[in-house]
Each structure stands twice: as structure tokens, then as C-alpha cells.
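The values are calculated or read from the model by the stated rules, or taken from the named source; none is laboratory data. In this text the structure is predicted, and so the values were computed from the model without any measurement. Methodologically, a virtual Cβ is constructed for each residue, glycine included, from the backbone with ideal geometry; neighbour enumeration extends over all protein chains shown. Accessible surface areas use protein heavy atoms only, side chains included; no ligands, DNA or RNA. Shrake-Rupley method; radii C 1.70, N 1.55, O 1.52, S 1.80 Å.
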There are 2 protein chains.
Amino acid sequence: MAATMQDVAQRAGVSIKTVSNVVNGYPYIRESTRQRVLDAIQALDYQVNAAARNLRTGRTGIIALALPELSLPYFAELADAVIEAADEQGLTVIIEQHGGRRERELDVLSGVRRHLTDGLIYSPLALGEGDEARLEVDFPLVLLGERIFHDPVDHVTMDNVEAARAATAYLLGLGRRRIAVIGVHPGEVVGSAGLRLTGHLAALAEAGIPPDDALLGPAGLWHRATGAEAMASMLDAGVRPDAVFGLNDALALGAMHELQLRGLRIPEDVAVIGFDDIDEGAYANPGLTTVDPGREQIARTAVEMLSTRIGSRGATAPHRVVADYTIVVRGSTEPGHDRPA
Amino acid sequence: MAATMQDVAQRAGVSIKTVSNVVNGYPYIRESTRQRVLDAIQALDYQVNAAARNLRTGRTGIIALALPELSLPYFAELADAVIEAADEQGLTVIIEQHGGRRERELDVLSGVRRHLTDGLIYSPLALGEGDEARLEVDFPLVLLGERIFHDPVDHVTMDNVEAARAATAYLLGLGRRRIAVIGVHPGEVVGSAGLRLTGHLAALAEAGIPPDDALLGPAGLWHRATGAEAMASMLDAGVRPDAVFGLNDALALGAMHELQLRGLRIPEDVAVIGFDDIDEGAYANPGLTTVDPGREQIARTAVEMLSTRIGSRGATAPHRVVADYTIVVRGSTEPGHDRPA
DNA sequence: CCCCGAGCCTACATCGTTGTAGAGGCTCGC
DNA sequence: GCGAGCCTCTACAACGATGTAGGCTCGGGG
């Protein structure tokens, strides 16, 4: 049986409340008393009972991170960063995988685990315009990604349009003209797919290049497999791009795999750029050029925003932070860039 | 303010305990009463307060999964599987990243979060022989991986020796004779590195091939980067293997990257096999042949074992489960195997 | 000399739930 | 028609911590 404050109090010859005060850093305690209590704690290997503290204070010290799935490297790396950032704030993270399924995404907002947590960092996929109202919840919430405009809550995101524009502009700068886009969600406007496509089209327009629907490869899920499939059907249809813009790295890597299977050389025949800068891209063959969306910064900012929200019960106006992006050049667009790995 | 059982009880005109009984499925309740309570719960949008329940029952419904880091795809995919399996048992998972650092690994066993959780699924890296005693903890614990022999606790693992022997035997069967091993931990016996090397050497011995130390590439951390480095220094030293056995997939992919940078063809010049069967391997170029260690099975078994342990306070003898492995053949060892992706 | 505030500590109620014990009423077999 | 046993429900005391309120001592200002 684990020791309780009662046991510590008895051993130190003080009241239970004094033990509580020592544990919580209450200043008005005689040094000798504090020492006696600390010794007793040590001797009994006492640790505060989280459940009891939670009940009394209404805080659990746990935050939830809801994301599609950890098997997707981007989200695994994001989770890694969030957990580290949370650790620094003394917070523990539980992960909820919703798999991009609308019903599970909604569950996250109302589910049982809400009572287990002080707040939520939420990266939805299926939710979109029209769901704003669902986000008006009575617990601290920080939104990741860019599914929803005019949202009533804290939000950390990146400028998808601008970053995608830069990616396409970069390919155009290399002299590429027939740029395939893999991972398109036809009709979508507000999600990452829609926004990145918008940026891409804007760059084409600036360069005076007419868009070509045959170069848009749809892929609902952004996995390697779907990227490969989308690439394959485009090639099977006789389309011959000289560059590929994967709307995320997994798609780009899948597409790259398919291109190489068919004997196309990268970057000579086809240049490939991705989005996310997952670790894996640096070790692909060739290394994958990509857009670094500032994942670290996003994770850290999100945790800090949530932490402040939790701290101050007062309803402040929602904040919106936009992370910086960078283009990371590797061998999939320019030969010879893989050396420093 | 969230509704409490008190509120529900009042609205339904019953005692608070009856509400509790309804919520917990106590059988002896008149159907009409149950309905009234359920209606009240619905009307008030009542959800049980987890903290209070935890305090009373001593259970939190949370388990911890301790692993090196989520950035390593193997562990991300493992975490995915564990979370799903836990969900089915009604358990929530928190993830603790210890980064393979001994001190943090020990923290996991005694840290504050112990009080937050009902049990721990523990995948250590730095712990090893001599640490058995530390595992004699007073909470449910299931060990993953094969760091420690004669352990006093539940353990889910795979037969590393046998699987590695099969991997090397497979390469030998292809006619390869100079097999480099990447990721060796010199002097280690009980960890994955040691065991897999043992299996490798056994296969060589069976085939009557003398081992060659020059073909052993050390790498402490099993990342893509360290795999590439180990491969590079071996090649720089003038060693020319005709096959590479990466002790995990990340190492193998790093090595593959380095080989290709130097213009070596895979599998013609060098065949490459990995270990773990991470998703990424299927989409490498060429696809990475690997050993599938039965990750799903491991995750599911571990959660179930932990769940039973939590359920029955009685100290049963520790169980040990060994998962099945399979060799997954792809293009990195045999051309033409990548078609079905 | 008394009062006041700062410093140090304690008693008590309380957070929201569940375990224990048992009060009634009913059915059933003899 | 009566006790045994089942069904249905309730009162009360925990679980282990923290918030509130207040007691006591001591030194210094009025």
C-alpha cells in the first residue's frame, strides 16, 4: 500500500495540511518543519495520489492530442515534439487516433476522455466548413492545421497557400513545366489539400502557365500507397509530367517509388518535391526535396497556448499563430544535394 | 459546471447510489427506474467524473507505454497498434519517451506518472542484465523486447536469434557470402543487437562460412543516419560486401541510401535485408526485404496481458509470449518483387 | 500596555464517486 | 401463513488530497 499524506504527517509529527503545504511549496513554513516533512516523505517513499489531487483541484495535468494515426510519420514526429514540449510544462499527453473518420473525430470532442484531460490539441481531418459550432466547447482547445476558417478557438497553423506557391515556384525555377500534383481532394477548399492546390495554381498563374487537369492526381488518404496509386494511374493514362508535387511527403515518396519502378530517373526525368519534411525523406533515394512546415515550432506553440488557456480560466480572444516554412532542397530535384544527408 | 450524480439523482427522483448502480450496470434495478435515470443522464448530459471514480476505485483506466521515441517508425507503428488494442479494452494510453537514456528509463519505473496509470508496457533500451531487480515493481508491468533474461515479469518478445538466423540463411541461400551487419553493439549479448548478431553468426557457422569482423558495422542508435554512417565507414575502409543485414529497417534504409549514393546497385551488387517491417520499407527504392516481427500480435498480446494483470490483483507466475516472425521479400534482395508493392 | 500584522500551523469541510450494510417488499415452498 | 430468499433501493462512510478560516506566537508601533 502506498503511503498517504496521513502517514507522512504522523511520521513528521505535523498535521496533514502542513504536509500538503510543503508539497505545494507554500512559503510560510519553518525550515526545520519543512525538513522533517521532507525526510518523512523520503523515508516513506511518498508520492501524492494524483486521483485525489485531481478530484480536489479539478485539474489532471493531462492533455489529449488527437490526430489521424501515428503510423503516418508526420504525425508521429509531431506527437514526439508535442510530448516533449508538454513534458517541459509538466503535462502528460494521451493520444487519440481518429483515423480521419468523421464520427471518431466528433467523439474526441465529447468523449469520455474529456474528463480525463485538462485540454485538447486537435488535428482533425474530416471536419471542415460548417463544423465551426462544434468547436465551441467548454474546455481549453487548440486547433492544428487549417481545416476551418473563422474558427472561434486558438489555432496554430502554417501558411499552406504561400508554402505551396513557393514549392511550385521553385520547380518552375528549375525549368519544369508539366508539374503533376499528387493528393488532390477534388472540390475541397479549406483543407490542406485545397489550400496547397490553391497555392500551386497561383504559382502557375504567375508564371503564365495554363493548368492542366490531367496533371492533378487525386488521393483521399495521404499514404505512400495512395501516392503510388495516383502516380500509377496518371502514368497509365499516358500523362508525362516533368515534375511531381506531392501534397505531403508520404505521397511524394509513394509517387517516387512508382516512377522509379517504371525506370524514370529522378530528378533528371522527373523532379519530385514533397511537403512536411519527415525524417524519412532525407534518406530516400534520392533524398526528397520538401517543405518544412515548422513542426517543432507548431508543437511548442500549441502546447504553450493550451497551457496558458488552462491556467487562465478567463475567456480571452482566440489567438492564431502561423508557423514559418522553409524549402529543404535535396536530390529529388537537384542532383548532388544529398551529400551532407 | 458539469452535472454530477447528485443532479441526476435529484432529477430522476432516486438516490445517488442508484444512479451509480445504473451507470455501472448493476443488475437489480427495475426497468422503469433504469429508464428514468438514463433519461435524466441524457437530459443533463451527464458524464461520470473520472477523478472521483479513480479515487474511489483506485483504477484510472490509463496505461503507460514507454518507448524510446515516436520518431522511430517502428515505435510509432507499435504505439499505433497498442493504442488501438487498448481502446478495445477500454483503456487509454499515455506515451513516455525515454530516448534510450538510462536515467529516463529508470524514471519511468518510479516517476510521478506511476500514480496516473494502472500499469505499464515497457520497452527499454538502456536497461540490461543486472537490472532485473529494478523490474520487481508493485504495479502491473509487461516488458517488450529482449533486453533482460530471467526476468520476474510478464514479457512479450520475439525470437530474435532465430529470426536473424533465418534472415542470414535467406541471404546465403541467394548465394551471398560477404554479408555486412549494420547496427552491431560490440560486447552486447542480451539486447536485440546482441541476439540478432548471435543468430547471424549461427547461420554463417551452419553454412561453414568464417565470420569476418570487418563486416560488422557498429551503430549505437538505430537511426537511418547512423546506418548510413556505419555503411560509409565500412565502404571507406575498402570493405566490399555483397549483402547487408541491417539490424533494423532504419539502419538498412540508411545503409541502402549510402550504397546507392556510391553507385552500387541493389540488389545486383549488394542485397539488403532489414528487420521490423516498417511501412516505409515497402516504398523504398527498391522495396526493402525485411523480417516482420509480428508487431500487431505483440501489441495486442501485451495489452491483453497487462489488462488481465490489472484485473487480477493476485500474483500469478509471469507469462512469456514469443511472437511469430516472417521474412518479407522485396526488391532489395530479389529483383521484380516490388510489383505488388 | 495594547493592538496589529506577519509567520507558522491546524481543524474541518469538501471534491464526486463507490463499497458496505441493510431496510423493505415480494414470491415461493411447505 | 410463515420464514427463506430474492429483488430493489437507500444511507453512510470512505478514497486522499486541498481550500477556508482561524488560532497562536512574537515583535514593533501607537
Computed over the protein assembly as shown, the distribution of all Cα-Cα distances in 20 Å bins, rounded to whole %, is 17, 45, 31, 7, 0
Rounded Å value of the spacing that divides the Cα centres of the stretch A:275-297 and the stretch A:163-223
18 Å
Just want to confirm a number: the relative contact order over chain A, from Cα pairs under 8 angstrom separated by 6+ residues, in percent.
15 percent
In square angstrom, what is the accessible area per residue of the stretch B:160-293 with a 1.4 angstrom probe?
32 Å²
P(r) for the stretch B:91-186: what percent of alpha-carbon pairs falls in each 10 Å bin, starting at zero?
13, 39, 25, 16, 7, 1
Check each residue of the stretch A:272-302 and keep those whose accessible area, probe 1.4 Å, is at least 30 Å² smaller with all protein chains in place than in the chain alone; give them in order of residue number.
A:ASP279, A:GLU280, A:TYR283, A:ASN285
Rounded to two decimals, what is the ratio between the C-alpha radius of gyration of the stretch A:1-44 and 2.2 N^0.38 Å?
1.01
Net charge contributed by nearby residues that have their C-beta within less than 13 Å of B:GLU88 (K/R +1, D/E -1):
-3
Binning every alpha carbon pair distance of the stretch B:1-91 at 10 Å from zero, what are the percents per bin?
15, 33, 24, 16, 11, 1
Protein heavy-atom accessible area occluded, B/A pair - total, 1.4 Å probe, Å²:
4500 Å²
A:ALA52/B:ILE29 FRET efficiency (R0 30 Å; Cβ-Cβ; nearest 0.05):
0.50
Using a 1.4 angstrom probe on protein heavy atoms only, which residues from the stretch B:52-79 are buried by at least 30 Å² of accessible area when all chains are present rather than their own chain alone?
B:LEU55, B:ILE62, B:LEU70, B:SER71, B:ALA76
To the nearest 0.05, what FRET efficiency results for B:GLU206 and B:ALA317 with a Förster distance of 60 Å applied to their C-beta separation?
0.95
Excluding ligands, DNA and RNA, the carbon-plus-sulfur percentage of the accessible area of the stretch A:183-278 with a 1.4 Å probe reads 57 percent
Top mean-square fluctuation among A:THR57, A:THR289, A:THR157, Gaussian network model of chain A, C-alpha springs under 10 Å?
A:THR57
Between the label point of B:GLU162 and that of the same position in each other copy, find the distances and list them shortest first in nm, with every label point placed 7 Å from Cα along the Cα-to-C-beta direction.
5.8
Can you compute the label reach from B:ARG134? Point 7 Å from Cα along the Cβ direction, backbone N cut-off under 20 Å, restricted to the stretch B:171-190.
B:185-190
Note the full-extension length gain between A:HIS337 and A:GLU268 as 0.36 nm times their separation in residues minus their Cα-Cα distance, in nm to one decimal.
23.5 nm
Enumerate the amide H contacts of A:VAL93 below 5 Å, restricted to partners 5 or more residues apart or on another chain; note that Pro and chain-start residues carry no placed amide H.
A:ILE63, B:ILE95
First measure r as the distance between the Cβ atoms of B:VAL239 and B:GLU103, then evaluate 1/(1 + (r/R0)^6) with R0 = 30 Å and state the FRET efficiency to the nearest 0.05.
0.25
Cut-off under 5 Å, modelled amide H: who pairs with A:ALA243 long-range
A:ARG178, A:ALA180, A:ALA271
State the residue of chain A whose Cβ is nearest the axis carrying A onto B, and the distance in whole angstrom.
A:ALA76, 2
Rounded, prolate or oblate: pick one for the stretch A:160-293, where a ≥ b ≥ c are the square roots of the eigenvalues of its C-alpha gyration tensor, a/c under 1.5 means rounded, and failing that, prolate if a/b is larger than b/c, else oblate.
rounded
Computed for the stretch A:160-293: size of charge dipole around the Cα centre, +1 on C-beta of each Lys and Arg, -1 on C-beta of each Asp and Glu, debye to nearest 20, value 340 debye
Per the Kirkwood formula on distinct C-alpha pairs, the Rh of chain A is how many angstrom?
22.4 Å
Under-5 Å amide H pairs with A:ALA323, H placed in peptide plane, nonlocal only
A:THR157, A:MET158, A:ASP159
